[in-house]
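Written out below as structure tokens is the structure these notes cover.
Readers should treat all values here as calculations from the given coordinates under stated rules, not as data from a laboratory. What you see is a predicted model, and the numbers here were worked out from it, not measured in a lab. Glycine gets a Cβ as well: all are built from the backbone with ideal geometry, and neighbour counts include every protein chain shown.
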Amino acid sequence: MRGHKEASGIEAPPKIQGGKKLMLLAVPVAALAIVAGLWFSGMFGAGRKSGRAANEPGTELGAAGPATYLDVPEILTNLNVPGRHQTYLKLHAKLELGGPADTAPVTAAMPRILDLFQTYLRDTRPEELRGSEGTYRLREELLTRAAVAVAPAHVTDVLFVEMIVQ
């Protein structure tokens, strides 16, 4: 396909057809979307996993042997609801520890951990716990409080065994 001659006698460049225009636009957009998806899913080694940076100790696969878990006693508390209607939260969780050496200090600090968890949960509204985003936010808040309570021992994650809002 050749360009057509204009009135001045100069040949104009050939026009790009509709399908070719679409391909020239769609291919780079699709490639960019794939790269962004891989980046945010952590496939390139950058990004965050479970709220912790990828280069923190204990986040590599197979790091320091098997994980150590410690049960948190079941918590039953009322949530922050305006009015006379009460809403309750039943929570059973486990703490993932940095290693077996952290079991004794975390067990000794369990009353402090329970106090910090109860205080935070009593100020939480039921709508803050809805969906995966609410559960993730709750996990991060409880992890922060547990880490403060047991320092210098290490709590690497809070795992929910049971969580019921009624």
Quiz item: Around Lys90, with a cut-off of 13 angstrom between Cβ atoms, what is the net charge of the other residues, counting Lys and Arg +1 and Asp and Glu -1?
Solution: -2
Quiz prompt | Potential extension, Ala101-Gln118 segment - 0.36 nm per residue separation minus Cα distance | solution = 3.5 nm
Quiz item: So between Thr144 and Leu25, what do we pick up on full extension, going 0.36 nm a residue minus the alpha carbon distance?
Solution: 38.3 nm
Quiz prompt | Chain lengthening between Ala36 and Ile75 when straightened (0.36 nm per residue, less Cα-Cα) | solution = 10.0 nm
Exercise. Add +1 for every Lys or Arg and -1 for every Asp or Glu among the other residues with Cβ under 14 Å from the Cβ of Asp115, and state the total.
Key: +2
Quiz item: Using 7 Å Cα-to-Cβ label points, what is the Val161/Glu133 separation (nm, one decimal)?
Solution: 3.1 nm
Quiz item: In µm²/s, what is D for segment 62-165 at 25 °C and 0.890 mPa s, where D = kT/(6 pi eta Rh) by Stokes-Einstein and Rh is the Kirkwood radius from Cα pairs?
Solution: 172 µm²/s
